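The values are calculated or read from the model by the stated rules, or taken from the named source; none is laboratory data. All values derive from a computational prediction rather than experimental measurement. Every residue, glycine among them, receives a Cβ derived from its backbone with ideal geometry; neighbour counts consider all protein chains shown.
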Amino acid sequence: MVISTEHLTYTYSAGTPFEKVAVRDVSLTIGGGEMVGVIGHTGSGKSTLIQHLNGLLKPTSGRVLLDGKDIWAAGPDIRQVRFHVGLVFQYPEYQLFEETVYKDIAFGPKNMGLDDKEIDKRVHEAAEFAGFPTDLLDKSPFELSGGQKRRAAIAGVIAMEPDILILDEPAAGLDPRGRNKILQQIREYHAFTGNTVLLVSHSMEDVANFADKILVMNNAEVFAYDTVERVFARSEELKKIRLSVPQVTNVFHRLAADGLPVPENVYTVPYAKKKLLRLLGKGGRSDA
C-alpha cells in the first residue's frame, strides 16, 4: 500500500495571532514495504506530518493519498483509513485504559467488527510481535514496567494489522537495553510482515541501523528524502540545521581527512568494525 502527500500544508491557529505553519507544501511518496526513518529537530514538523497520514489532522491545503485515493474524499468519517494506517504515539503507554492488557490490545480489532476467535488470534500474535509476554495478558496495564507498557501499546496497534505502521519515538525514555529490544522487535516485525514502517526518531543511530530511507524535516518542509547513504553523505548540511550523522560516521570522516584509506559511507558500528578489520588485514583485503 502506497501513501503519499501532494502539496500538504497545515497551519495551527489559522487567522489568530498564534498562527503557525507546521507543515508547508510537502509532497512525497512512501512505497509499500519500505522502512523509513523520520528525523528532525523539535518543531521541524515531523509529528504534525505523520498525524496527517492516518487522518488525525486534516490538511489546511493539499491532499493525503492512500493507494492514490484522497483519504478525505469520502467525508470526515475516515475510520477505515486508521485500520490501514496505524499510529503509535510517543509515550503510548499513557493511552492504556482497559482493566487488562488483553482488553487493551483487543480494543482495535473489536472495533473492526471481528469475531472473538479472530480477536484472540490477533491479540496473541500482536503481543508476540511486540515482544510482550503472553502470560501477562490478564494483568492490569498499570502493573507493568515502562518497557512492558510500551510493548502492550504497540501491540494494540499491530493487532489491527495495518498495512502501514507509524511509530513516533517508540524508544523514548527507555534505558539502553529496553530501547534496543523495542527497536529489534520493530525490525523483526517489518522483516516478517513486509509492511511499510515509519520510525520517527531524534536518534541518528536508530535510523542508520533500522531504516532503508530517511525523511528529514526542517522548518516545516522536507529537507531530504533519500537512502540512508545519500542523506548522511550531506553531513555538513545536516549540521547546519542542527542535526548530525551517527558518531561512527564522524569518526570515519575524520580518519579519511587524516589520510587513512577508509570509506566515508559508514553509518553503523558493525559495518565500521568490518571495514577496520579488513583495513588491518584481519578480515580480507583492505580494498574490499
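Output the residues belonging to the range 28-59 that are among the hydroxyl-bearing types (Ser, Thr, Tyr) and either in a strand (DSSP E or B) or surrounded by 15 or more Cβ atoms within 10 Å (Cβ to Cβ) (or both). Give the derivation first.
So the first thing to find is which residues in the range 28-59 are among the hydroxyl-bearing types (Ser, Thr, Tyr), and the list is 29, 42, 44, 47-48.
Thr29, Ser44, Ser47, Thr48 - these are the residues of the range 28-59 that are among the hydroxyl-bearing types (Ser, Thr, Tyr) and either in a strand (DSSP E or B) or surrounded by 15 or more Cβ atoms within 10 Å (Cβ to Cβ) (or both).
Given (1) in contact with a strand residue (DSSP E or B) (Cβ under 8 Å, 6 or more places away or on another chain); (2) surrounded by fewer than 19 Cβ atoms within 10 Å (Cβ to Cβ); (3) farther than 12 Å from Gly37 by Cβ; (4) of a type in the set (S, T, N, Q), identify the lone condition not met by Gln184.
Of everything listed in (1) in contact with a strand residue (DSSP E or B) (Cβ under 8 Å, 6 or more places away or on another chain); (2) surrounded by fewer than 19 Cβ atoms within 10 Å (Cβ to Cβ); (3) farther than 12 Å from Gly37 by Cβ; (4) of a type in the set (S, T, N, Q), Gln184 misses just condition (1).
Could you give every pair whose Cβ atoms fall below 6 Å, whose first residue belongs to the range 152-168 and is closer than 20 Å to Ile3 by Cβ, and whose second residue is in a loop (DSSP other than H, G, I, E, B) and of a type in the set (Phe, Trp, Tyr), counting only separations of at least 6 or pairs across chains?
Correct list of pairs: Asp168/Phe89.
Enumerate the pairs (first residue in the range 19-38 and at positive phi; second residue anywhere and in a strand (DSSP E or B) and among the small types (Gly, Ala, Ser)) with beta-carbon separation below 9 Å, excluding pairs fewer than 6 apart on the same chain, so at least 6 apart or on different chains.
Asp25/Ser61; Asp25/Gly62
Can you find a residue that is part of a loop (DSSP other than H, G, I, E, B) and closer than 23 Å to Arg82 by Cα anywhere in the range 16-27? First the steps, then the outcome.
As a first pass, look at the range 16-27 and keep what is part of a loop (DSSP other than H, G, I, E, B): 16-19.
In the following step, the residues that additionally are closer than 23 Å to Arg82 by Cα were identified as none.
No, because not a single residue in the range 16-27 is part of a loop (DSSP other than H, G, I, E, B) and closer than 23 Å to Arg82 by Cα.
Could you go through the range 210-221 and let me know if any residue there is assigned by TED's automatic domain parsing to the domain that holds Gln185, on the phi < 0 side of the Ramachandran plot and part of a helix (DSSP H, G or I).
Keep residues of the range 210-221 that are assigned by TED's automatic domain parsing to the domain that holds Gln185, which gives 210-221.
Filter once more, so that each one left must be on the phi < 0 side of the Ramachandran plot: 210-218, 221.
Now narrow it down to the ones that are part of a helix (DSSP H, G or I): 210.
Checking the range 210-221: at least one residue is assigned by TED's automatic domain parsing to the domain that holds Gln185, on the phi < 0 side of the Ramachandran plot and part of a helix (DSSP H, G or I).
From the list Pro176, Pro141, Pro133, exactly one residue is of a type outside the set (Phe, Trp, Tyr), buried (at least 20 other Cβ atoms within 10 Å of the Cβ), over 28 Å from Leu28 (Cα atoms) and without any contact (Cβ under 8 Å) to a residue 60 or more places away in the chain. Which is it?
Pro141
For Phe232, all conditions in the list (1) touching a residue at least 24 places away in the same chain (Cβ under 8 Å); (2) more than 23 Å from Val26 (Cβ to Cβ); (3) among the hydrophobic types (A, V, I, L, M, F, W, C); (4) out of contact with any Gly (no Cβ under 9 Å at 6 or more places or on another chain) hold save one; what is the number of the exception?
(2) is the only condition that Phe232 fails.
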